[in-house]
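Let me begin by presenting the structure, written as structure tokens, before commenting on it.
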Amino acid sequence: GLDVSNLTFSGLKPAAGTNAIVFGENDGGSMLHIENTTIAANGVTGISDRILALYVSGGLLFDDNVVHDNTISNASVYIYADYPGAPLSVANNTIAGNLGPGLWMDTYSMFPTYVYNNILWNNAINDLILTNSHVLAMNNTWLHTSIDANSGLETQSANNSTADTKLTA
């Protein structure tokens with residue numbers, strides 16, 4: 001597995017065709033864990049480029065992170081998992097004020113995918129995008145979502161809100 005914690009990624013501006021930050025693992029039994037990390041003031045220029053791209057074969061814990069003020073991207077946080085070997089969890093994060101979509105999940109999984117206790121707010125276009133994803137979403141705050149025909153929120157999802165978080169710079 002791979003653990004990334006207590007880091008700050010700021011000021012990264014790669015060439016077009018390149019994601020600013022990429023993490024992944026290729027063992028279905030491993031875990032990618034990113035926690036207490038700040039991703040701020042980065043930018044990409046390509047139409048399909050992302051600020052943080054996570055490619056997951058095993059499981060994912062993405063928790064207690066702050067992602068803000070990133071510019072012009074296909075997604076500020078992009079999670080791709082095609083039949084991961086373990087559950088995926090996105091919890092206790094603030095993804096706000098990015099010039100591009102906030103959180104984009106493209107996760108086709110037989111395991112649960114959890115999204116809970118997150119603030120996804122004031123991102124350009126959409127705060128949450130689900131593609132091929134079925135997630136259990138609990139206690140999140142977002143304003144704009146895009147959920148494709150192959151995706152959805154599990155019926156047990158609850159307590160999600162579109163109330164203004166009153167975040168200020």
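Would you kindly find the accessible area of Tyr80, with a 1.4 Å probe and non-protein molecules such as ligands, DNA and RNA excluded, rounding to the nearest 10 Å²?
80
Taking θ = phi - 60°, what integer Hz values does the Karplus form 6.51 cos²θ - 1.76 cosθ + 1.60 yield along region 18-28, in sequence order, with x for Gly and Pro?
Those phi angles translate into 10, 6, 5, 9, 10, 10, x, 8, 10, 10, x Hz.
Take the alpha-carbon centre of region 59-103, take the same for region 16-32, and report the distance between them in whole Å.
Cα centroid to Cα centroid, the span is 12 Å.
Quick one: putting +1 on the C-beta of Lys and Arg, -1 on the C-beta of Asp and Glu, what dipole do you get for the chain around its Cα centre, in Debye to the nearest 20?
Roughly 320 debye, rounded to the nearest 20.
So who's got an amide H within less than 5 Å of the one on Asn140, skipping anything under 5 residues away but keeping other chains? H placed 1.01 Å off N, in plane.
Sorted by chain and number, the residues that satisfy this are Asn117, Asn118, Asn160, Ser161.
Give me the one-decimal nm value for the distance between modelled label points at Ala163 and Asp82, 7 Å along each residue's Cα-to-Cβ direction.
If labels sit at Ala163 and Asp82, their model points lie 4.1 nm apart.
If you rank Glu154, Glu35 by how much accessible surface each has, with a 1.4 Å probe, what is the order from largest down?
Glu154, Glu35
Among Thr168, Asn74, Thr113, pick out the residue whose Cα is farthest towards the positive end of the charge dipole of the chain, where Lys and Arg carry +1 and Asp and Glu carry -1 on C-beta, about the Cα centre.
Final value for the positive-end residue is Thr168.
Which whole-number percent of Cα pairs in region 12-169 have a distance greater than 29 Å?
Of all Cα-Cα distances in region 12-169, 10 percent exceed 29 Å.
For Phe9, Phe62, what's the largest-to-smallest order of accessible area, 1.4 Å probe?
Phe9, Phe62
List every residue whose amide H lies under 5 Å from the amide H of His134, counting only residues 5 or more places away in sequence or on a different chain, with H placed 1.01 Å from N in the peptide plane.
Under 5 Å from the amide H of His134 lie the amide H atoms of Ser109, Gly152, each far enough along the sequence or on another chain.
Let me cross-check Thr131: its accessible surface, 1.4 Å probe, with only protein heavy atoms counted, in Å² to the nearest 10?
Thr131 has an accessible surface of roughly 30 Å² with all protein chains in place.
When the chain is modelled as a GNM with alpha-carbon springs shorter than 10 Å, which of Ala158, Ala124, Ala75 fluctuates the most?
Ala158
Ordered by residue, what ³J(HN,Hα) values in Hz, to whole numbers, does region 91-97 give under the Karplus form 6.51 cos²θ - 1.76 cosθ + 1.60, where θ = phi - 60° and Gly and Pro are x?
Residue by residue, region 91-97 yields 9, 6, 10, 10, 10, 8, x Hz.
The values are calculated or read from the model by the stated rules, or taken from the named source; none is laboratory data. Since this is a predicted model, take the numbers as computed values, not measurements. In this analysis, Cβ positions are derived from the backbone assuming ideal geometry, glycine residues included, and neighbour counts consider all displayed protein chains. Side chains included, ligands, DNA and RNA excluded: accessible areas come from the protein's heavy atoms. Shrake-Rupley method; radii C 1.70, N 1.55, O 1.52, S 1.80 Å.
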